[in-house]
Amino acid sequence: MPQPTNKLGLQLSLVSSHFGSLPGLAREAEESGYTSVWVAEVAGPNAFVSLAPCAMATKRVDLATGIVPIQIRTPGVLAMETLALNEISGGRVIAGLGVSGPVIVERWHGASYRKPLTAMRECVHILRELFTKERCKFDGKVYQCDFRHSLVTSAPRAPRICLAALNPPMLRLAGEIADGVLLNYSPPEALPAMIAEVRAGAAQAGRNPAEVDIAIYLRMCVTEEEDQALESFKRELAGYAFVDSYNQMFARYGLGDQFAEVRRLWREGKRDEAHKALSDADMRRLGAFGTRQSGRDLIARFRAAGATHPVVFPVGPGRTAERDFQNTLRAMVGA
């Protein structure tokens, strides 16, 4: 079936630990008209390993890491992984990159979180050099590199780069140096101001702002068990209450007091109650739970707000994860 004019992505992370199912799901997404599939990387599957069988099972759909933290790989290793996947897929890779947070980077991986904005700028510079010239000599404030890769590349296009961004400095950097930006956990009314930052960065760099893809993860669950899906989403979102960059963003949306209450309950040992500080109404500003139409309406609102690449992110309780994923995938076809 032909791809739609508008981009529509699908996040595979809800089922990405089931490696055997990934190629079939990626193929179904492609045949249904999705234009990209995404795999996140936190503490589970390696995003590049997960996408490799998807690349071999598909022909057209773009393959995006979404998101890999730049600090837990050297730029050279990141370039090798990205280029290898780009060759396997025939030039369909989007390298979704982020700076994560101190807990993941420093506590989990023992890497350095210093100067995250500078680190991103330098990492992207090195990647571009390695993608196009095979060699990079660079002496920066965060990264030093004198590396030549030996991959023989024949893909018709180099990997594209998409930056995860929440707040103005990274949004502007994405507009300046990346092919796209990936937004997250934001209501549609917040998009115009965020997109304005991206466009300002592009304009400052002498780029055409319209060429920067505006992607956003849209959490949703098509299910008859709407209340359980909403509670599962609250539990997921409450986990970000101790991440400074997310709290800065949530405060802009008027959610600062709710996340402060989440932190208070958590510190008092009431962890199972903490997510209840998040209101149903505000969660529905960020996601869609229940009917097929609620998900399609959410996509439409984000397109109207300026998103050029909505990415359907199925969520839901673990006990019904596979069922909810399939229902959501199929219900959003053509949205």
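Numbers below:
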quantity	calculated
Cβ-based net charge around Arg199, under 10 Å, with every Lys or Arg adding one and every Asp or Glu removing one	+1
Packing-based ranking, highest mean first, of 222-229, 182-189 given that Cβ atoms within 10 Å are counted	182-189, 222-229
Mean separation of Cα contacts under 8 Å, 6 or more apart, over the residue count of region 244-332: relative contact order %	16
Distance in nm between pseudo-label sites at Thr153 and Arg235 (7 Å out along the Cβ direction from Cα)	4.3
Burial ranking of peptide ranges 270-278, 204-212 (average Cβ count within 10 Å, highest at the top)	270-278, 204-212
Over the chain, relative contact order from alpha-carbon pairs under 8 Å, at least 6 apart, %	17
Gyration tensor (alpha-carbon) shape descriptor, region 217-274, a/c threshold 1.5	oblate
Charge dipole (debye, nearest 20) of the chain; +1 at Cβ of Lys and Arg, -1 at Cβ of Asp and Glu	620
Gyration tensor (alpha-carbon) shape descriptor, region 191-331, a/c threshold 1.5	oblate
Near-label residues of region 113-128 by backbone N, under 16 Å of a point 7 Å along Cα→Cβ of Ile72	113-114
FRET E, pair Arg263, His18, Förster distance 35 Å, beta-carbon r, rounded to 0.05	0.55
Length added when fully stretched, Arg292-Ala57, from 0.36 nm per residue minus Cα-Cα	81.8 nm
Positive-pole candidate from Ala210, Ser150, Ala84, dipole of the chain, charges at beta carbon	Ser150
Net charge of neighbours whose Cβ lies under 14 Å from the Cβ of Glu106, counting Lys and Arg as +1 and Asp and Glu as -1	+2
Local net charge near Asp280, Cβ-Cβ under 13 Å (Lys/Arg +1, Asp/Glu -1)	0
Residue-span extension gain [Arg284 to Asn46] - 0.36 nm each, minus C-alpha spacing	82.6 nm
Anisotropy class of region 251-335 from Cα gyration tensor, a/c 1.5 cut	oblate
Ranked by how many other beta carbons lie within 10 Å on average, peptides 27-38, 239-250 from highest	27-38, 239-250
Region 42-77-region 88-122 distance, computed between alpha-carbon centres (Å)	12
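Every read-out reported here was derived from the displayed coordinates using simple, explicitly stated rules and does not represent laboratory data. Everything numeric here is computed off the predicted structure, so don't read it as measured data. Neighbour counts are summed over all protein chains in view; Cβ atoms, including those assigned to glycine, are modelled from backbone coordinates with ideal geometry.
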